[in-house]
1. ³J(HN,Hα) across the stretch 314-329 via Karplus (A = 6.51, B = -1.76, C = 1.60, θ = phi - 60°), whole Hz, x for Gly/Pro?
2. List the GluC sites (Glu not before Pro) within the stretch 411-502 that fall in a DSSP loop (any state other than H, G, I, E or B) and whose Cβ has at most 16 other Cβ atoms within 10 Å.
3. In debye, nearest 20: dipole of the stretch 102-176 around its Cα centre with unit charges on the Cβ of K, R (+) and D, E (-)?
4. Compute the Cα gyration tensor for the stretch 338-567, then decide on rounded, prolate or oblate, letting a ≥ b ≥ c be the square roots of its eigenvalues: rounded whenever a/c is under 1.5, prolate when a/b is larger than b/c in the other cases, and oblate in all that remain.
5. Please list, in chain and number order, the residues 5+ apart from SER502 or on another chain whose amide H is under 5 Å from its amide H, with Hs placed from the backbone.
6. Could you please state, rounded to a whole Å, how far the C-alpha centre of the stretch 111-167 is from the C-alpha centre of the stretch 300-339?
7. Once a ≥ b ≥ c are taken as the square roots of the eigenvalues of the Cα gyration tensor of the stretch 453-581, is the result rounded (a/c under 1.5), prolate (a/b larger than b/c) or oblate (a/b not larger than b/c)?
8. Please state the charge dipole magnitude for the stretch 572-692, taken about the Cα centre, from unit charges on C-beta atoms (+1 on K and R, -1 on D and E), reported in debye and rounded to the nearest 20.
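Bear in mind that the values in this text are calculations on the coordinates, not laboratory data. As the structure is a computational prediction, the values presented were derived from the model and not from experiment. For neighbour counting, all protein chains shown are included, and Cβ atoms are generated from backbone atoms with ideal geometry for every residue, glycine included.
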Amino acid sequence: MGTWADTFEDDEADKQLGAAVVQALLAREHAGLVVTDTELRVRRSNVGRERFGGPGIPLGSRFCEFFADETAPGVERRLLHVVETGELLLLLEIPSRRTGVEAPRMLSLSAVRLEDAAGAPKGLAIDLVDVTKRHNERQRLELLYRAADRIGTSLEVRQTTQELADLLVPDLGRVALIFLAEPVLVGDEAPAFPGLGEKRLQCTATRADGPLPEQLIRTGAWLPALPDRPIVLNLMRLGRARLTGAAELHREFGEHSALSSSLIPPDADSAVIAPLYARGQNLGGVIVWRGQHERPFHEEDVRLLFEIATRAALGIDNARRFTKEHRAAVTLQRSLLPVAATQAAAAETAGFYQPASSGAIIGGDWFDVIPLSSLRVALVVGDVVGHGLQAAATMGRLRSAIRTVAALDLPPDEVLTHLDDVVQQLAAETCEELRQGIGATCLYAVYDPVTCRCSMASAGHPPPALTTAENGSGFVDLSPGPPLGLGSMPFEVTEVDLAPGSLLTLYTDGLVGQSDGDLDTGMRRLREGLYAASRTDASLSEAASGLVTRMSAGSYRDDVALLLARTRAVAPEAVAEWTYPAEPEVVSRARAAAMGQLTAWGLQDLAPSTELIVSELLTNAVRYAGGPVRLRLIRDQFLVCEVSDPSNTQPRLRRSSSLDEGGRGLFLVAQLASRWGSRYGRTGKTIWAEQQTAPDPVTGTAGAPAG
């Protein structure tokens, strides 16, 4: 092989032009030119030690020895392909061999085959260009892009810090430790100088390129108090990133050996510490380490980490704000829900509410147990459209409304109709941008322990599940009406007979849509879970919590409200009933019958008040309503006295003057009874009054209140 210009034509001008081209190529500061034979041995080279900061490419050596052992075979294979085929190889980026702790240079390699006059291959001309700066800038931009893409995907504070740690290792360092101030973890604002004194920092994320060194702090552990030293104050007060190292931190921490061992890996050398600073708050900090045999960090790395940490801090602060709102919504939600477990004559109930897991916003699910007249009970479950504080507030308003309507003792379909009007009114009073979030589904059921019959109606809500000893678990076949707020169609009442001990399960769709959103699969799993729960001796509250855990596997995509009701029945001997014509003389007969029944029940203490209640209610019915008139007494924790007549006239409580001859009947009933009221049936009405038979847990006495 001849001179550099041998590849040009024999014409003297062409030779001079070729020599000028070669000289220009050789004069490039960050580039090199290498000529090899067909076996890739170096015949010409201007790549010395100073050219790319490596060992250089001496004559007679194999060209691929300039590259690291893991990359050399691939480079050799590509270059031999050029020798064999003559195809150009352009702009292949490959790192040079590492020397010492310095990072290898990133080179752009292009190769062309050299041929003789007959076209036979004679070797390769290889052009090398140092593109380290461009490569590093591209890596920096890619890392920033990944930071923007990956960090902040969750609205959970700890998960956001773990996303940051996973991004930094191994692309920026070998070990990353991330800390947050204690108040940030629960959604509160960070203190002015987190980590100093009693203002603790918790390690919320760690990541290592390999096993985490044993003595380093673990995720979830609290960092010892930081010393009041310049490096700490610089980070906490000024919110700036800083380049440091193991030796400097050992000096800064001084006698705080526990702090040194918690933060400094045993073979670490260089570190960058950056604050997690967002919206004027220092939320915590991040430390990234490189080992003794790695290239130390430099100022460009400091700027890069600071930019990444700043972006991550915004995501962490967003998660903190969400945590605060979520906590407030959960607190509001729980404060609006009733007592979870109740014991009544009609049923034993247990409610369970589970807010959505992190990353989702709380909704407006609720349940309720409303005592009605004559020992009956209303069971309610509902789900408000939307999420957040607005949904929780709407839920509270609807629960108050349904309790108010339930006090009227209306059938389930009429209760939902009134509630539908309430939702429409709420929507009319709400600003337009929030109006789409006003709506709800609801299931309202009334169970009567005397008849063991349950009537229910649904406003776009899933059907309740029914579990019995004879038939196992299934779902009540009912026709749901439209969701509340549409006002388009009436609601249909479904009635079912429930044997004592039956388990009625009311739930929101979050329970059956947790795993994959398939409601059919969720309802099948619910049926299986209810059957399993009915076969155990667990309490109703334990069964409710266990059922939710089983259905969701610990991750809640949506809010869950669950209400279990195990039905009871009033014994036939605890009910007495008489029917009379509308004649004045039946009042004395009814009083006598009632007194005889109280004696049989051992309730003689209630005889005076009950005699007066029966007399007043029956007299009014005979005088104003006509017959037939029915008197019914029910004995349980309360003695219930009912008088039913065919009239739909609304009874009114009024205060009579001293000269009036009548008008004091209902006033006396109200004074003698614990509760009283009226309800309407398909024909006529029923006026009822309750007196407590068991000792009151507050006063310790039984019977009617003092007048």
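1. With the stated coefficients, the stretch 314-329 comes to 5, x, 5, 5, 4, 5, 4, 5, 5, 4, 5, 5, 5, 5, 5, 5 Hz.
2. Listed in order of number, the matching sites are GLU470, GLU492.
3. It works out to roughly 80 debye.
4. oblate
5. THR567
6. 33 Å
7. It is oblate, given that a/c is not under 1.5 and a/b is not larger than b/c.
8. Details: 14 positive and 13 negative charges, 90 e Å.
Charge dipole, the stretch 572-692, about its Cα centre: 440 debye, nearest 20.
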